[in-house]
1. Please report the Cα spread of region A:69-120 along all three principal axes, rounded to whole Å, starting with the longest.
2. Please give the helix A:19-31 orientation as an angle from the longest Cα principal axis of chain A, in degrees from 0 to 90, rounded to the nearest 10.
3. Just to confirm a number: summing +1 for Lys and Arg and -1 for Asp and Glu over residues other than A:E137 whose beta-carbon lies under 14 angstrom from that of A:E137, what do you get?
4. Calculate, for A:K78 and B:V100, the FRET efficiency according to 1/(1 + (r/R0)^6) with r their C-beta to C-beta distance and R0 60 Å; round to the nearest 0.05.
5. So what's the net charge close to A:V260: Lys and Arg +1, Asp and Glu -1, counting the other residues with Cβ under 9 Å from its Cβ?
6. Consider just the alpha-carbon atoms of region B:193-306 and return their Rg together with their Dmax, both in angstrom.
7. 7 Å from Cα along Cα→Cβ at both B:L242 and A:D250: what's the point-to-point distance in nm?
8. What number does chain A give for Rg over Rh if you use C-alpha atoms and the Kirkwood radius?
Amino acid sequence: MRAKLLALLVVALPSWLMLPLVGSIDAESVKLKYGGARVTRQMRDAIGQGMAIALLAGFRGVVADFLWIQSHGYWEKKQWLQQYRDMEVVATLQPQSILFWDEGAWHMAWNIGYAVSVDTNNVTAAQGIKRERAWHERAQEFLARGIENIPNRYELYFKMGWLYLHKLAPDCGDDLACKKTRYCEATEYLRKAASFPDAPSFVGRTYARALEECGDIGAAYQQWISMWKHGPPMSEPSSILEREIRRLEDQFDLPDNVRVFPKHPTKPPASP
Amino acid sequence: MTEQTASREWVGFSLRRVWIIAVNTLTESMRQKVYNILLLFALVVIASASFFSQFSFGEEAEQVASVQLKFIKDFGLGALSVFGMLIAIVGTAQLIPNEVENRTIYTILAKPVRRFEFLLGKYSGSVLLIFVSLVMMSMMFGAEMAFKQQKLVGEVLQEEQDAAARGGLVDHQEIQRNITSIRADALDPNLVKGVILIFVKLALLAAITLLASTFSTSMVFNVTVAFMVFFTGHLVGTAKELWEHSAFARYCLALIPDLGMFNVADDIILGNAIPWLHVAKVALYGFVYLATVVAASHFIFSDREI
């Protein structure tokens, strides 16, 4: 008995002495956003007993992957709400995963959005459009939460800008003011995405296009010029830059002396 | 003073004896069918992670590659953790009960070997077994990642060739960026941090199983206790959140090792920067904890009648 008490004391004392170390590790984990949401009763109900056990055993990544695959199964069976529920759980389990936010929003806005719009259960075409727009808004809200969780990467800002450009702005229909507002909102996200040093060139190009849609053609021209001047060395996409700069210079009807690509060049344009 | 006590006082602690017992334990464990089957199963599961990665639904090449690599890493490191846990628990739970049952413990302890040396040797043997298993599983995992990386890079290059053949616009920078991203993602040196912490966690789990086996003669009991601690250890984080304002609860919870702390692999896979300092702190926590558990095992084992 004495040995057992001694053993308990031997374990207890260092454990208590290590409390500041444990506190520091916990604080670091919170600061660096390790882990993700803790397991709750609602989560257990959503993922089922087996998955919950795996989750409790520390296999968060594997559980998230399985749920992701399961959500795709729901998509194939046209069970969109179940798919949405799974995507929500997966994003809660691994909120630091760009992939889940990105693909989840893509599923909602593009795949589910289209599927509900042509669903044979729709009584009228208007109902299909209404349902489609509801899914676009869900995607927007989903991506916004993704950005809150991962504000230091370009990907989700880009996806949000893309969503505004290709789904939310067209949803305005004939309401031009609404459309323009949404295009301008897209530029905000795309500007942020393009400001990341590791953002690929297509992000900057999309930003320029969004600026044009927003009505700020001058800023769009400046963006193309900036990409031409500060972009990487000549390559195939440079022809896109050249084409766009030429187009806008023609649109503005700029004189040859201020054009990057003069109509009647005396010497070839300075390479970027 | 009896003759036995006199001889015990005379024999000093020897690391050499601990090492001999450890190597012997390792050899014995590696000869066991259970271990070999578990390891074989682990290697097959890790090797099959590639099939699991086919369930990726992205549109862009980079996205598909990123999903596939994430699935392989999650699955591979998950397998490392699960099979490592099984090997650690099953391998350690039977060490002392087997020695008692086969009566070999009497022969060993009749020699000038201290009980602590015996216990430490057995534990070290178990840790060596975990280490060897993890190295083998990690090598398989590494090979799997290298293979997948080659395959994905090949696919990207093939797509480039196809696009060029169709006369489409080929963005060489984008392709180069994709290839660099795939290589960086597949051969991420940060994964080592995850494997290190899995090792420390398993060593700690082995120490807890050893503690159980010092006062119990039933292997089933030892395995059950170890599994319970494993699950409870992963719930400590949740419990801490629930009772964060209770100092009493905090002191009680400190007695159970917080195993969730060691699960940084998920975050590494997601691209979170895990500083070495954080890894060192968690490893220090694990080592201090396992040292105390081994010391506690010694107190119980030295008092035990064999």
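1. Rounded to whole Å, the extents work out to 37, 17, 13 Å.
2. In chain A, helix A:19-31 runs at an angle near 30 degrees to the longest axis.
3. Here the count lands on +3.
4. Approximately 0.45, to the nearest 0.05.
5. Spelling it out: positives minus negatives among the neighbours equals +1.
6. 15.5, 52
7. That separation, rounded to one decimal, is 7.0 nm.
8. With Rg and the Kirkwood Rh in hand, the quotient comes to 1.15.
Since every read-out is calculated from the coordinates, none of them should be taken as a lab result. Bear in mind the structure is a predicted one, so any value in this text is a computation, not a measurement. Please note: Cβ atoms are built from the backbone with ideal geometry, for glycine as well, and neighbour counts cover all protein chains shown.
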